[in-house]
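Q: A single structure is presented below for examination.
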Amino acid sequence: MILKSTAELVLAAALKTGGDFAELFCEDRRSGGMGLVDGHVENASTARRHGAGIRVYNGLNSVYVHTNDTSLTGLLSAARKAADAVSGSGEVGDIHLTRSVEANVHPIKALPMDVAGARKAKLLRDMDLAARAVSPEIHQLRANLIYWDSDVVIANSEGLFTGDRRVYTRMACSAVAEGGGESQSGSASPGAMMGFELFEGRVDVAAQARIAAERAVTMLHAEPCPAGVMPVVIDGGFGGVIFHEACGHSLEAQAVAFGNSEFAGKLGERVASPIVTAVDDGTLPGEWGSLNIDDEGTPTTRLVLIKDGVLINYMVDRLNGRRMNMAPTGSGRRQDYTYAPTSRMRNTYIAAGSDDEAEIIATCGDGLYAKSMGGGSVNPVTGEFNFAVAEGWLIRDGRVDRPVRGATLIGRGAEVLKKIDRVGGRMWMAQGMCGASSGSIPTNVGQPMIRVTDMTVGGR
């Protein structure tokens, strides 16, 4: 996509005015999708994004310029614009790049862009049929396939010249149940860093559609959730969104470096229950948040954030690593070439414990079982959060009793971590798109079933 000799000229131009570090990120992305509404394929699209971004450091200051003109002339023009915004005293020598090739742990068998449209349409119709078979109360079904194939090349003035190919595939199904003048929805949206082989064994689209439909029907017949302070059992998979939002963002260097985190300055301190270990792992083969290298060219890592309740690591990108005097952890990520990278999560989860799931509920007394979580909001400085429960059930005398809707979980991330008294033995993950200053990126959230001794539950 770009010659090594071209990258050397561009980086040298970016450092002409005295910057002390320059980076070139080139990307060629092909993406596509197909959508179905109520049994009819309504859209099929393809797109391509191609361009490059140039970043220059001068100490702790950073300038970023991007362009969709990746000719030598276009790249040199962008490099000079970045250089014009920097003034320093450094002397620039010749740039000599050395090609680095990282092992690819995400082999692709069937590129999504090469799969026939008829096969894609059949998968969408299979979702529609499976969801409607759950109940006559399913009145609407939306199904989508989303995929993209991205080639990147990364070079910097320290001599790095490397690249990567990233292929992502995902389905999304949203079902709406109606009855008695009311409606409720349910959704499922698994994906992976894989090609279309995702649907040849790992993901059963009909089963996922049934999950979405069953959730919608269950919530249609649920009663309002009572409010109060009570024990809360949070299921695995997307239940991990609470850790991701309420704690994970506060462990990213972009917050920690500026003191905008409740965990700043707490390395080596106990921040969670001793039965809690939390991990951010970019090395898992084929997972939605995995990478071979991050978007700064650093090899990805398995990073234990919290071990047995003690904070031992932050997620660190190159620039904030300078501010914190810490090495990058392979956590620099960006949506595409139009964004400068910063520290972001990858596959972030609470690790499996040793508790039995049935025992977790049986010893709960009266409380709430959050079987599926929805969206929410969080203040990373204080850790205060508010999350909707997509599917909730009341627990009465240690038994799952009846479904409730309208539940919200309210609290503070650091406090919730310390109140976890049970961690199940089976961890699983779910997929999401995480938005922050460097754009929207694919991330996994996950955990086993956990129990929090007491939380504020909003309802009525």
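Q: Condition (residue is surrounded by fewer than 23 Cβ atoms within 10 Å (Cβ to Cβ), assigned to a strand (DSSP E or B) and acidic (Asp, Glu)) applied to segment 190-197: is it met by at least one residue?
A: no
Q: Might you let me know whether segment 61-83 holds any residue that is in the same structural domain as Gly117 (by TED's automatic domain parsing), polar (S, T, N, Q) and touching a helix residue (DSSP H, G or I) at 6+ places or on another chain (Cβ under 6 Å)?
A: There is at least one residue in segment 61-83 that is in the same structural domain as Gly117 (by TED's automatic domain parsing), polar (S, T, N, Q) and touching a helix residue (DSSP H, G or I) at 6+ places or on another chain (Cβ under 6 Å).
Q: Still on this structure: Within the group Val101, Val86, Val153, Val167, which residue is over 27 Å from Ile441 (Cα atoms), among the aliphatic types (A, V, I, L, M) and in contact (Cβ under 8 Å) with a residue 60 or more places away in the chain?
A: Val86
Q: Against the condition among the acidic types (Asp, Glu), touching a helix residue (DSSP H, G or I) at 6+ places or on another chain (Cβ under 7 Å) and outside the structural domain of Gly163 (by TED's automatic domain parsing), how does Glu252 come out, does it pass?
A: Against the criterion (among the acidic types (Asp, Glu), touching a helix residue (DSSP H, G or I) at 6+ places or on another chain (Cβ under 7 Å) and outside the structural domain of Gly163 (by TED's automatic domain parsing)), Glu252 does not qualify.
Q: Considering only residues that are β-branched (Val, Ile, Thr) and under 17 Å from Phe21 (Cβ atoms), which ones fall in segment 51-90?
A: Result: Ile54, Val56, Val63, Val65, Val86.
Q: Additional query: From (1) closer than 18 Å to His244 by Cβ; (2) without any contact (Cβ under 8 Å) to a residue 12 or more places away in the chain, pick out the condition that doesn't hold for Asn325.
A: The single condition Asn325 does not satisfy is (1).
Q: Next question. Being surrounded by 22 or more Cβ atoms within 10 Å (Cβ to Cβ), of a type outside the set (D, E, K, R) and within 23 Å of Ser185 (Cα to Cα) narrows it down to one residue among Leu417, Leu409; which is it?
A: Values: Leu417 fails: within 23 Å of Ser185 (Cα to Cα).
Residue meeting the stated conditions: Leu409.
Q: For residues that are of a type in the set (D, E, K, R) and either in contact with a Pro (Cβ under 6 Å, 6 or more places away or on another chain) or assigned to a strand (DSSP E or B) (or both), scanning just segment 77-126, find the one that is farthest from Phe196 (Cα to Cα).
A: For segment 77-126, the residue satisfying everything is Arg99.
Q: How about segment 20-79: which of its residues are surrounded by 14 or more Cβ atoms within 10 Å (Cβ to Cβ), under 19 Å from Arg170 (Cα atoms) and more than 27 Å from the chain's Cα centre (by Cα)?
A: Passing the criteria: only Val41.
Q: Given (1) surrounded by 21 or more Cβ atoms within 10 Å (Cβ to Cβ); (2) at positive phi; (3) out of contact with any Leu (no Cβ under 7 Å at 6 or more places or on another chain), where does Leu303 come up short, assuming only one miss?
A: Exception for Leu303: condition (2).
Q: Being touching a Gly at 6+ places or on another chain (Cβ under 7 Å) and of a type in the set (S, T, N, Q) narrows it down to one residue among Ser185, Ser157, Ser250, Ser174; which is it?
A: Checking each option against the conditions leaves just Ser250.
Q: A follow-up question, please. For segment 128-174, which positions are charged (D, E, K, R) and in a loop (DSSP other than H, G, I, E, B)?
A: Result: Glu137, Glu158.
Q: Right, here's the next one. Kindly indicate which of Ala272, Ala246 is at pLDDT below 95 and either in contact with a strand residue (DSSP E or B) (Cβ under 6 Å, 6 or more places away or on another chain) or not polar (S, T, N, Q) (or both).
A: From the options Ala272, Ala246, the qualifying one is Ala246.
Q: I've got another one for you. Would it be correct to say that Pro231 is over 24 Å from Ser331 (Cα atoms), at pLDDT 95 or above, assigned to a loop (DSSP other than H, G, I, E, B) and not aliphatic (A, V, I, L, M)?
A: It is false that Pro231 is over 24 Å from Ser331 (Cα atoms), at pLDDT 95 or above, assigned to a loop (DSSP other than H, G, I, E, B) and not aliphatic (A, V, I, L, M).
The values are calculated or read from the model by the stated rules, or taken from the named source; none is laboratory data. Keep in mind that this is a model prediction, so the values were computed, not measured. Neighbour counts are summed over all protein chains in view; Cβ atoms, including those assigned to glycine, are modelled from backbone coordinates with ideal geometry.
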